[in-house]
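**Q** Below is one structure. I have some questions about it.
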Amino acid sequence: MNSEITGVLVTFFITLLIAFPLGKYIAKVFSGAPTFTDFLSPFERFLYRTCGIDPNKEMNWKQHMVALLTINLVWLIYAFFILLFQAHLPLNPDGNGNMTPDLAFNTSISFLVNCNLQHYSGESGLTYLSQLIVITFLQFVSAASGMAAVAVLFKAFAGKTTGKLGNFFVFFIKTITRLLLPLAVIMAIILAFSGTPASFDGKDTITTLQGDTVQVSRGPAAGMIAIKHLGTNGGGWFGANSAHPLENPGYFTNMVEAIAQCILPMALVFAFGFFINRKKLGYAVFGVMTIGMLTLMIPNMLSELGGNPALAKIGLHDHTAMEGKEVRIGVAASAYWQVMTTIISTGSVNSMHDSSMPLSGAMQLLGMMINCFYGGKGVGLLNYFIFLIIAVFISGLMVGRTPEFMGRKVEAKEMKIAAIIALFHPFLILVGTAIAAYYPQAAWLNNPGHHGFSEMLYEYTSSSANNGSGFEGLGDNNIFWNISTGIVMLLGRFLPIIGPVAIAGILANKKYTPESAGTLQTDTATFGIMTYAVIMIVAALAFFPALTLGPVAEFFQLY
Amino acid sequence: MKKYLLPSIKLTLILILVLGVAYPLLIAGVAHFAIGQGKGRTISVNGKVVGYENVGQKFTDDKYFQGRPSAVDYNAAGSGGSNKAASNPDYLKTVQERIDTFMAHNPGTLAADIPAELVTASGSGLDPDISPSAADIQVIRIAAIRHLDVAAIRKLVADHTDKSWLGPDKVNVLKLNIALDALK
């Protein structure tokens with residue numbers, strides 16, 4: 001087997017090996033059971049005391065959401081104004097300018113909602129101060145917000161009938177102190193010792209071997225690159241993101257970064273099973289997600305490894321799809337990352353997706369359109385929960401029983417919420433793309449024809465899925481794209497959090513009926529296949545026409 | 001909402017200090033013990049810095065091994081790929097031109113023998129590496145210009161090839177060229 005394929009397989013299995021015990025640990029942290037990190041509790045108590053938070057006061061789902069939205073609003077205002085005036089603030093060795101209001105609007109939302117769509121390049125668009133106290137800060141707290149939201153789901157199905165679902169601030173703070181910060185410190189040190197810059201020195205000017213004078217952007221990047229992956233944020237320090245040789249210096253760091261972005265989303269699925277004491281359900285969900293991942297991974301991998309037929313036509317024997325890829329990473333690890341980063345909503349890239357093969361582009365788009373195969377930090381499981389509820393409902397109708405999940409009846413109100421959330425994501429993507437396609441767009445697009453359409457479709461899909469990767473050829477730093485994707489990102493973040501949390505909260509409050517012989521088993525392979533079918537059918541119905549106009553048409557043009 | 005506003009603001013302020021200030025300072029402090037002290041790994045020749053180990057450089061001179069095409073012309077004040085689609089006709093024209101240029105500078109080479117990475121732009125525009133075969137195909141040109149033995153240069157390439165059981169084989173172009181300059 002060649003070393004590139006081995007590399008991908010090793011990467012995946014190491015991810016599994018870390019994710020499983022991490023899931024157990026997360027379940028313990030969220031339930032308040034003793035863990036080896038309890039030495040951090042004095043610091044947590046300091047935070048509760050100073051901020052006036054009563055950690056023992058439990059919240060219902062509405063209070064959870066109000067607390068989440070309140071603190072998110074504080075961050076949004078804070079981030080917007082720092083970005084707007086960054087040039088006048090300290091730590092700006094490269095003399096970079098302020099952001100325009102529309103770009104600051106887009107960027108502050110983008111990092112607030114864990115999307116990390118970037119309509120600027122880090123080298124010239126941000127100061128070191130903004131990179132640290134806005135971008136890095138938001139990468140931590142947005143990930144922790146998602147985790148705190150999914151913790152409500154954990155609590156809702158852990159006990160019997162209850163309205164008390166834990167405290168938002170406790171889940172939020174513990175996610176940072178017990179998970180994100182310790183993992184980020186370890187990873188940042190690994191990166192710093194592998195060649196990623198971490199010091200505060202500004203741009204360097206050097207004379208190359210051949211005698212040209214060039215500049216090299218640097219900065220305290222290692223810490224940010226660590227949390228960008230662990231938090232499934234994805235926004236890069238440098239413009240080229242993890243394709244940049246300082247952001248991702250070698251094959252080893254590439255593995256570290258690929259693993260880091262996957263471990264927490266995977267661990268959360270196991271954690272759910274452990275927390276509600278139904279390990280089998282956790283495994284079943286993980287199984288469906290993994291099959292879903294493979295459904296996208298295999299075509300993407302084959303189409304990238306197959307090379308670009310257009311290069312063969314102009315006479316190259318070696319027609320490897322190296323456009324937009326790096327030699328040290330190679331095609332296989334790039335393809336692996338393309339799928340992982342889109343299904344997990346990281347949105348960091350180690351190759352330019354715009355230059356990937358048409359079928360790969362379709363798989364990347366589908367990954368974000370479905371957005372729940374592992375999925376983003378916390379929100380992936382919440383999205384999956386929506387499909388699970390729909391599958392419960394449909395299965396219930398098929399066998400002629402009242403739909404039930406975890407001993408609670410699923411009724412009209414919950415179904416309405418689930419249906420709205422499931423349809424809202426396609427709505428945002430398709431309406432956005434339709435409006436953009438209607439505009440005279442020649443100046444935006446970097447590629448003609450079907451691929452140009454894909455660039456616009458990708459941008460809205462990435463925004464609504466809070467992914468943040470892009471077909472980066474799109475000229476997106478202008479008022480139209482900054483404002484429209486800003487709005488899509490906001491809606492695409494908070495409604496899909498509120499919806500499932502509301503369903504979980506409502507169900508938790510319902511009468512608990514113990515399981516009987518007639519109960520629909522949700523942890524079986526049959527039900528897993530059912531959920532998979534629901535996910536695929538919804539995605540196909542909603543998105544197939546748009547995919548046909550873009551990548552599918554390009555595929556037939558090229559092959 | 002009011003109830004949570006004050007705790008939110010206080011928590012935000014403390015976390016900005018912890019996550020946005022203390023954390024990067026800690027990492028910068030630890031990185032001081034790494035090679036390059038966290039400023040990036042530089043390479044010097046005769047005491048003069050000629051580049052960064054991981055940042056690719058432009059080599060246009062025929063006496064040097066050349067790296068990959070770059071969408072940012074190897075200026076590391078920025079970074080990025082071409083973002084050209086595989087099907088884009090203008091892009092394919094550009095590739096054709098690169099093939100023609102390569103063949104003009106390397107007489108006797110067939111288009112079919114050129115590795116794809118030498119005529120396609122990298123993702124970062126700063127790719128420091130090429131594959132061993134992309135180095136090999138340039139050996140004859142370099143031997144002719146420098147009046148050196150082909151076998152000696154092939155050995156140099158082999159010595160500078162990074163092989164691993166994980167990931168692709170690669171040659172760092174800058175290091176290879178420095179070694180080439182040292183070859184007498």
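The values are calculated or read from the model by the stated rules, or taken from the named source; none is laboratory data. Treat the numbers as computed from the prediction; the structure is a model and nothing was measured. We place every Cβ from the backbone using ideal geometry, glycine too, and count neighbours over all the protein chains shown. Surface areas here come from the heavy atoms of the whole protein model, side chains and all, with no ligands, DNA or RNA. Shrake-Rupley method; radii C 1.70, N 1.55, O 1.52, S 1.80 Å.
**Q** If you go through the range A:432-445 one residue at a time, do you hit one that is buried (at least 24 other Cβ atoms within 10 Å of the Cβ) and either more than 30 Å from A:L507 (Cβ to Cβ) or away from every other protein chain (no Cβ under 12 Å) (or both)?
**A** If we filter the range A:432-445 for residues that are buried (at least 24 other Cβ atoms within 10 Å of the Cβ), which is where we start, we get none.
No; the residues of the range A:432-445 include none that is buried (at least 24 other Cβ atoms within 10 Å of the Cβ) and either more than 30 Å from A:L507 (Cβ to Cβ) or away from every other protein chain (no Cβ under 12 Å) (or both).
**Q** Here is a further query. Give all pairs with beta carbons closer than 8 Å in which a residue from the range B:24-50 that is under 20 Å from A:I206 (Cβ atoms) meets a residue that is open to solvent by 40 Å² or more (accessible area, probe 1.4 Å) and among the small types (G, A, S); count only pairs at least 6 apart in sequence or on separate chains.
**A** B:V50/B:S44
**Q** Take the conditions surrounded by fewer than 22 Cβ atoms within 10 Å (Cβ to Cβ) and either touching a residue at least 60 places away in the same chain (Cβ under 8 Å) or within 27 Å of B:S44 (Cβ to Cβ) (or both) and apply them to A:F238. Does it pass?
**A** Details: surrounded by fewer than 22 Cβ atoms within 10 Å (Cβ to Cβ): no; either touching a residue at least 60 places away in the same chain (Cβ under 8 Å) or within 27 Å of B:S44 (Cβ to Cβ) (or both): yes.
Taking the combined requirement at face value, the residue does not satisfy it.
**Q** Also, quick follow-up: Mind checking whether some residue in the range A:309-317 is in a helix (DSSP H, G or I) and crowded, with 24+ Cβ neighbours inside 10 Å? First the steps, then the outcome.
**A** First pass over the range A:309-317, keeping only residues in a helix (DSSP H, G or I): A:309-313.
Remaining after also requiring crowded, with 24+ Cβ neighbours inside 10 Å: A:311.
Checked the range A:309-317: at least one residue is in a helix (DSSP H, G or I) and crowded, with 24+ Cβ neighbours inside 10 Å.
**Q** Also, quick follow-up: Is it true that B:L19 is at negative phi and more than 7 Å from every other protein chain (Cβ to nearest Cβ)?
**A** Numbers: at negative phi: yes; more than 7 Å from every other protein chain (Cβ to nearest Cβ): no.
So B:L19 fails the test.
**Q** Out of contact with any helix residue (DSSP H, G or I) (no Cβ under 9 Å at 6 or more places or on another chain), over 24 Å from A:N241 (Cβ atoms), not polar (S, T, N, Q) and not assigned by TED's automatic domain parsing to the domain that holds B:P132: is that true of B:K48 in this structure?
**A** On the way: out of contact with any helix residue (DSSP H, G or I) (no Cβ under 9 Å at 6 or more places or on another chain): yes; over 24 Å from A:N241 (Cβ atoms): yes; not polar (S, T, N, Q): yes; not assigned by TED's automatic domain parsing to the domain that holds B:P132: yes.
So B:K48 fits the description; yes.
**Q** Filter the range A:322-338 down to residues that are hydrophobic (A, V, I, L, M, F, W, C) and within 7 Å of chain B (Cβ to nearest Cβ), then give me how many there are.
**A** 3
**Q** Which condition breaks for A:L209 when tested against (1) at the interface with chain B (Cβ under 8 Å from one of its Cβ atoms); (2) farther than 27 Å from A:Q118 by Cβ; (3) open to solvent by 10 Å² or more (accessible area, probe 1.4 Å); (4) touching a residue at least 60 places away in the same chain (Cβ under 8 Å)?
**A** Failed condition: (4).
**Q** Could you check A:M415 against (1) surrounded by 13 or more Cβ atoms within 10 Å (Cβ to Cβ); (2) touching a residue at least 24 places away in the same chain (Cβ under 8 Å); (3) within 25 Å of A:T485 (Cβ to Cβ) and say which number it fails?
**A** Among (1) surrounded by 13 or more Cβ atoms within 10 Å (Cβ to Cβ); (2) touching a residue at least 24 places away in the same chain (Cβ under 8 Å); (3) within 25 Å of A:T485 (Cβ to Cβ), the lone unmet condition for A:M415 is (3).
**Q** Okay, moving on. A:C262 fails exactly one of the following numbered conditions: (1) open to solvent by 20 Å² or more (accessible area, probe 1.4 Å); (2) part of a helix (DSSP H, G or I); (3) more than 14 Å from chain B (Cβ to nearest Cβ). What is the number of that condition?
**A** (1) is the only condition that A:C262 fails.
**Q** Return the residues of the range A:29-69 that are without any contact (Cβ under 8 Å) to a residue 60 or more places away in the chain and either assigned to a helix (DSSP H, G or I) or within 14 Å of chain B (Cβ to nearest Cβ) (or both); say none if nothing qualifies. Talk me through it step by step, then tell me what you get.
**A** Filtering the range A:29-69 for residues without any contact (Cβ under 8 Å) to a residue 60 or more places away in the chain gives A:32-34, A:36, A:38-39, A:41-42, A:45-46, A:49-50, A:52, A:66.
Across the range A:29-69, the qualifying residues are A:D38, A:F39, A:S41, A:P42, A:R45, A:F46, A:R49, A:T50, A:G52, A:V66.
Results for (1) at the interface with another protein chain (Cβ under 7 Å from one of its Cβ atoms); (2) touching a helix residue (DSSP H, G or I) at 6+ places or on another chain (Cβ under 6 Å), shown as yes or no for each residue.
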site	(1), (2)
B:A135	no, yes
B:R146	no, no
B:L166	yes, yes
B:V171	no, yes
B:K184	no, no
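**Q** Across the range A:110-133, what is the total count of residues that are hydrophobic (A, V, I, L, M, F, W, C), in a helix (DSSP H, G or I) and more than 18 Å from A:F172 (Cα to Cα)? Walk me through how you get there before you give the answer.
**A** Taking the range A:110-133 and keeping what is hydrophobic (A, V, I, L, M, F, W, C), we get A:111-113, A:115, A:117, A:126, A:129, A:132-133.
From what's left, in a helix (DSSP H, G or I): A:111-112, A:129, A:132-133.
Within this subset, residues satisfying the condition of being more than 18 Å from A:F172 (Cα to Cα) are A:129, A:132-133.
Matching residues across the range A:110-133 total 3.
**Q** Of the conditions (1) part of a strand (DSSP E or B); (2) more than 7 Å from chain A (Cβ to nearest Cβ); (3) on the phi > 0 side of the Ramachandran plot, B:D73 clears all except one; give me its number.
**A** Evaluating B:D73 over (1) part of a strand (DSSP E or B); (2) more than 7 Å from chain A (Cβ to nearest Cβ); (3) on the phi > 0 side of the Ramachandran plot leaves (1) as the failure.
**Q** Restricting to the range B:38-70, and then to whatever is open to solvent by 20 Å² or more (accessible area, probe 1.4 Å) and among the hydroxyl-bearing types (S, T, Y), can you tell me which residue is nearest to A:T320 (Cα to Cα)?
**A** Within the range B:38-70, the match that is nearest to A:T320 (Cα to Cα) is B:S70.
**Q** Step by step: first the residues of the range A:212-227, then only those that are in a loop (DSSP other than H, G, I, E, B) and within 7 Å of chain B (Cβ to nearest Cβ), then the one that is nearest to A:S124 (Cα to Cα). Which residue is that?
**A** Our first condition is that a residue be in a loop (DSSP other than H, G, I, E, B); within the range A:212-227, this holds for A:212, A:217-221.
Imposing the further condition that a residue be within 7 Å of chain B (Cβ to nearest Cβ) reduces the set to A:212, A:217-218, A:220.
Details: A:D212: 21, A:S217: 9, A:R218: 11, A:P220: 15 Å.
Out of the qualifying residues, it is A:S217.
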